[in-house]
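After the structure tokens below, expect a handful of questions from me.
The values are calculated or read from the model by the stated rules, or taken from the named source; none is laboratory data. Bear in mind the structure is a predicted one, so any value in this text is a computation, not a measurement. Quick reminder, even Gly has a Cβ in these numbers, built from the backbone with ideal geometry, and neighbours come from all protein chains shown. Note: accessible area is taken over every heavy atom of the protein model, side chains too, but ligands, DNA and RNA are not part of it. Shrake-Rupley method; radii C 1.70, N 1.55, O 1.52, S 1.80 Å.
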Amino acid sequence: MTETPAARHHREQQAGTLTTGDHILLPDGERTAEIHQVELESDDFGAPAVVLASLAGGGTLRIAVGTTVRVTDEEADAVTQLPLAGRPSEAAGQEQPGETPAAAPAAPAVVVPPLPPVPPVPPAASGPSEEELALIPAAKGTPESVVEAAAEAHPDAMGVLLLADRLAKGVNFKSGSCLKDLSDLAHELFITLKDADGSLAVADLLNVLPYDGNPGRWASVEASLALSSYICRQDGQKERAEVYERLIRTPENQETDQFKARMAAKVRQRSLNEPNLYDKEIFRSIDNSNHDAEREWRLLRLESLLFLRAHGGSETIGLGELERRISNELEAVRS
């Protein structure tokens, strides 16, 4: 009895873990084919949803990420076409006594066109040079003294004093909560008190920190960089603003795998095109006449807009529109 590919040694795994070179058992349960290339299609939320497996012999399989497939341990049969329907039954091919054997009809098939050429990964944004980093002034004294100076400049600002009291115990740059307090202090100085110089002095304590791969800690640094970029552009310090904008793209330079970098770029662009601007939350606060809640939501919206501005806008919101929206939000939260 001839052994079929289905009878060979195989293992089961989820489609999302398929890689180039795997020999997959095709849907007909009899033939196998080598995977030449794997692409992932994401759903509207940015999560991987469908695996596009390009076969070495031609054709493409579409498989849901969570589907369990069989992968053989031996070389696959050459496959150039995928069957459109089920195989003809064995009875249909049997001869009747006294009849002339008829030529077997060709099985209906569909030729799956190859995938379009894969666009190259856009070059990663290079980090600033040493000369460009020198545009960021060094801190005058210790981090604690910078915070203390900000508090002394605004002795009646309760928001500044509360943050300064927490930071007076010591600035720990490995603490996520400490980084968040520094970022909040920089925002409070600029947004509420219109103290651009004091805000930049505090923000620069964060702006020079390297990306450590921790998204929680980096979120505070990211917000600080976006704020600093906006302040410098408003003050005419274009070159210094560009340094902050390069630094905010630091995580985009980390991935070396071409496929992963391409997928990350797609997800990142989608988040820039469809940012969360907290419209529902703000309108709900307005309807409930909850001015404190409205201000908090508007501050989050302002952070999102500043982040978009530091990235040069997006495909859906241009720089001119961003400038207008940021100006409106600043006026709203300061009133």
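Could you work out how far apart the two model spin labels at E30 and S335 are, taking each label as a point 7 Å from the Cα in the direction of the beta carbon, and quote it in nm?
7.5 nm
Looking at the stretch 137-243, which trypsin sites (Lys or Arg not before Pro) are DSSP coil and have at most 14 other C-beta atoms within 10 Å of their C-beta? Could the numbers behind the result be given before it?
Numbers: sites: K140, R166, K169, K174, K180, K194, R217, R233, K238, R240; in loops: K140, K169, K174, K194.
Answer by residue number: K140, K169, K174, K194.
Counting only protein chains, not ligands or nucleic acids, how are T17, T250, T32 ordered by accessible area (probe 1.4 Å), most first? Display every interim value, and only then the final one.
Working: T17 75, T250 30, T32 0 Å².
From most accessible down to least: T17, T250, T32.
Please state the shape class of the stretch 163-235: rounded when a/c is under 1.5, otherwise prolate if a/b exceeds b/c and oblate if not, all from the C-alpha gyration tensor. Don't skip to the answer; put the middle values down first.
On the way: a/c = 2.22, a/b = 1.27, b/c = 1.75.
Cα axes put the stretch 163-235 in the oblate bin.
Next up: Report the FRET efficiency, 1/(1 + (r/R0)^6), for Q13 and R284, where r is their Cβ-Cβ distance and R0 is 51 Å, rounded to 0.05. Mind showing how you got there, number by number?
Numbers: r = 45 Å, r/R0 = 0.89.
Working from the Cβ atoms, E equals 0.65.
Let me ask another. Cβ under 10 Å from V146's Cβ, V146 left aside: what net charge do those residues give with Lys, Arg +1 and Asp, Glu -1?
Numbers: positive: K140; negative: E144, E148, D204.
It works out to a net charge of -2.
Checking the a/c ratio against 1.5 first, then a/b against b/c, what shape does the Cα gyration tensor give for the stretch 228-335? Before the final figure, lay out each step's value.
Values: a/c = 2.61, a/b = 1.48, b/c = 1.76.
Because a/c hits 1.5 or more and a/b fails to exceed b/c, the stretch 228-335 counts as oblate.
If you don't mind, there's one more thing I want to ask. Sorted by accessible area with a 1.4 angstrom probe, largest first, how do E245, E41, E296, E315 fall? The partial results should precede the final answer.
Working: E245 20, E41 75, E296 105, E315 140 Å².
Output order, biggest surface exposure first: E315, E296, E41, E245.
I need the Kirkwood Rh of the stretch 244-296: take the reciprocal of the average 1/r across all distinct C-alpha pairs and report it in angstrom.
On the way: mean 1/r = 0.0718 Å⁻¹.
With all distinct Cα pairs of the stretch 244-296 included, I get 13.9 Å.
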